[in-house]
Structure formats: structure tokens, C-alpha cells
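Read through the structure below, which is laid out as C-alpha cells, and then see the notes.
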């Protein structure tokens, strides 16, 4: 899912103008970085529609160093908040995490200490 035209119009002024012989459009490179952030893939596995991976990497590194991407994400977040305020019947997004951590086999059946048994018996714990 690439940037919509409305989103791009809002953040285009924040993006620096490329210098030199640059064949990769700014919007295409930014969509590539958003794809990587969303999918969690490596730069080398970036789909061809986002241009050469190394070109996107170099441009994205410059944007990170200049804090351009931080300003872009803040602007997109602000646009999302404004859209939600304009339509209050729209439900808020919920983020769920289903991270699972395996414990050692003895973690669940560790014997209780006397102090723990005493606190449980007295109702403190």
C-alpha cells in the first residue's frame, strides 16, 4: 500500500529535492522505505517497483541523518488524527501484539519457598 495522492501532497514540501543525476523519484523511494518498515524485509529483497535497492538505501540514509523521515511520519500521524477528529464515528485503531516467549520447562513448576507459603497462607500475596 503506497502513499495516497492526498498523503503525498501533504508531505511533498517536507521532502528534500534530489541533487545531481537522480533517476529514482522521491515518492517512489519513500514508498520503498515505507514498504520496508511495514513488511520488515531487508533492502535487498525490496520489490523492483521501488527502484534499485542501493539507490533507495542511500537516499533513505540521508533522510534519516537529516531527520526528514521523522518529520514525514509526524505529519502523516497528524493527518490521521485530524481525519479521526473530523469523523468521530470512525473507530480508533487498535494494535495487538501476540509475542510468545517460551519459558524453561522448570519455570512453571518451581517449588515454593517457606516464606512464600507463609505469605500465601496469611493472605498477603
* Asked: Mind listing the Cα extents of the stretch 5-86 along all three principal axes, in Å, largest one first?
  -> 40, 28, 23
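Please rank 117, 23, fewest neighbouring Cβ atoms within 10 Å first, as an exposure proxy.
Working: 117 12, 23 9.
Ranked by crowding around the Cβ, least crowded first: 23, 117.
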* Fewest-first ranking of 36, 100, using other Cβ atoms within 10 Å as the exposure measure -> 100, 36
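Each reported figure results from applying straightforward, stated rules to the coordinates on display, with no laboratory input. The structure presented is a predicted model; accordingly, all values stated were derived computationally and were not measured. Using ideal geometry, Cβ is built from the backbone for each residue, glycine included, and neighbour counts are taken over all protein chains shown.
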